[in-house]
1. Suppose the chain between Thr393 and Glu358 were pulled fully straight at 0.36 nm per residue; how much longer would it get relative to their current alpha carbon spacing?
2. State in Å² the accessible area per residue of the range 338-494; use a 1.4 Å probe, count heavy atoms of protein chains only, and round to the nearest integer.
3. Rounded to the nearest 20 Debye, what is the dipole magnitude of the range 81-175 about its Cα centre when Lys and Arg each give +1 and Asp and Glu each give -1 at the C-beta?
4. Please express the shape of the range 159-201 as an equivalent ellipsoid: the semi-axes are the square roots of 5 times the eigenvalues of the C-alpha gyration tensor, given largest first in whole angstrom.
5. Quick one: what are the phi-derived ³J(HN,Hα) couplings along the range 54-71, Karplus 6.51/-1.76/1.60 with θ = phi - 60°, whole Hz, x for glycine and proline?
6. Going by the alpha-carbon gyration tensor, a ≥ b ≥ c the square roots of its eigenvalues, is the range 375-449 rounded (a/c under 1.5) or, if a/c is not under 1.5, prolate (a/b greater than b/c) versus oblate?
7. Leaving out ligands, DNA and RNA, and with a 1.4 Å probe, what % of the accessible surface on the chain is carbon or sulfur?
8. Give the ranking of Asp344, Asp459 by solvent-accessible surface, highest area first, calculated with a 1.4 Å probe.
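The values are calculated or read from the model by the stated rules, or taken from the named source; none is laboratory data. Computed from a predicted model, the values in this text were never measured in an experiment. With ideal geometry, Cβ positions are generated from the backbone for all residues, glycine too; neighbour counts draw on all protein chains shown. In case anyone asks, the SASA skips ligands and DNA or RNA and just uses the protein heavy atoms, side chains included. Shrake-Rupley method; radii C 1.70, N 1.55, O 1.52, S 1.80 Å.
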Amino acid sequence: MAEETNGTGVIHSTAAELAAAIANGETTSVAVTQAHLDQIEAVDGTINAFLYVDAERALEQAAIIDHRIAGGEQLGPLAGVPLALKDILAYRGAPTTCGSKILEGWIPPYDATVTKRLLDADIVILGKTNLDEFAMGSSTENSAYGPTRNPWDTSRIPGGSGGGSAAALAAFEAPLAIGTDTGGSIRQPASVTGTVGVKPTYGGTSRYGVVAMASSLDQPGPCARNVLDAALLHQVIAGHDPYDSTSIDAPVPPVVEAARSGDVSGMKIGVVKELGGEGYAPGVEQRFREGLEILAAQGAEIVEVSCPHFTYALGAYYLIMPSEVSSNLAKFDAMRFGLRVGDDGSRSAEQVMALTREAGFGAEVKRRIMIGTYALSSGYYDAYYGSAQKVRTLISRDFAGAFEQADVLVSPSTPVTAFPLGEKVDDPLAMYMNDLCTIPSNLAGNASASFPVGLAPEDGLPVGFQVMAPPLADDRLYRVGAALERTLVDRWGGPLLSQIKEIAR
Ligand code: GLN
């Protein structure tokens, strides 16, 4: 990357290249951080990926890293590289809004475990990225701070809820980002922006300090522009955390080795019959099939598997998730965090609480709190929440059966490419359909990822290839991702994102 370290070239480098150039003194973390801050300054007025940029703290952190490297210290494999953090993870001293008015002004006094691990790995945090309010949505249009735009076409959605993190990558505002995935919020934004997004095995990364949406589904994970960078980031943030009771006490799967190897020979790849066909865009299906051909050409065996209960996954998710949402969001009571409305001495605490929740939550959040409260109410608990949990078990059994026939399962990541802003925002059911392919892995807790597989011929927009692996076999995702990337980058003559048009300012 020698000729790339100055000028705008630096922002097109991979995280691994940047870290190597910083480590060997070819450039500095301050220079790399500044180049990304300049890009944010130049394009984020259009993209709106960031809710908060902490230039001062980022440059201070970078200067300390440069000083340590100059002093001969050997730092980690991503030391000095900047990152964009989804605004649902606590970062001490920085506002954390979750895209909601109700948390306006709240500044966490502590770091999430993921944040702490980033800082301990000397990764530079540029700021906090936009998201659908409390991570509820598929387009970032539910953010109280305005939507993020897709860098491929700024009239379109960047996916959600982690649209800010994905757009920051695609707009070259950051080479690395963190997302959270409850029903697809890492993978669907990755899919529609031509980036890589990984939802680790549930319990593989810590939820401590991640503001809870649906605790049995939420999982933070790495977002990047290529497979190796995602694996390097995965390695940094994953692993057991005593502060999270659902954290798994097991070694981190060998994700970096898998990303470097990309060997899929002899691997059995199961195409999920139920995740395709009617409702899938022709270009999505075409690129997905090409992905299968690439894997077959590298010695993988392609088989078809059936997961009959996946058809009910969306329905089960939209009962379980709101139930957990209604309970998790009860803590926003105007007393403990952020916004407080109507506290002029004339009202009771209950009235202030009601006024604050009325003013502080957006329509989608209120909708889910109401659905969840209803699904958990005593007369309906068995009919709704109870039945949904039974379906969840059936979906886990489908996965277990399919993983007996195949090492990984695959499907398109999303049925369609990025749709225009405003198209589905008033139609919750149409919006929910975006997560058809991603939700089963959240319900079952297995590892899952989206990798770019090309542009749909009909609209020139990115298509994602989803890979699902058994719990704690996250390394298989990277093996398949690297195998695809190797052939595709050759075919495209460079990374997919090198085909993106310059962003109009
Ligand atoms: N789009 C899904 C939803 O609205 C997933 C959200 C997520 O993964 N955080 O619930």
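1. Working: separation 35, 0.36 × 35 = 12.60 nm, distance 3.56 nm.
My answer for the length gained is 9.0 nm.
2. Numbers: 6520 Å² over 157 residues.
So the range 338-494 comes to 42 Å² accessible per residue, rounded to a whole number.
3. On the way: 8 positive and 10 negative charges, 13 e Å.
Magnitude of the dipole: close to 60 debye.
4. Values: eigenvalues 48, 19, 13 Å².
Each semi-axis is √(5λ); the values are 16, 10, 8 Å.
5. After applying 6.51 cos²θ - 1.76 cosθ + 1.60, I find 10, 4, 5, 5, 4, 5, 5, 4, 4, 5, 5, 4, 4, 4, 5, 5, 4, x Hz.
6. Values: a/c = 3.53, a/b = 1.04, b/c = 3.38.
It comes out oblate by the Cα gyration axes.
7. Values: 9590 of 18160 Å².
The nonpolar share, carbon plus sulfur, comes to 53 percent.
8. Values: Asp344 105, Asp459 60 Å².
Largest to smallest exposure gives the sequence Asp344, Asp459.
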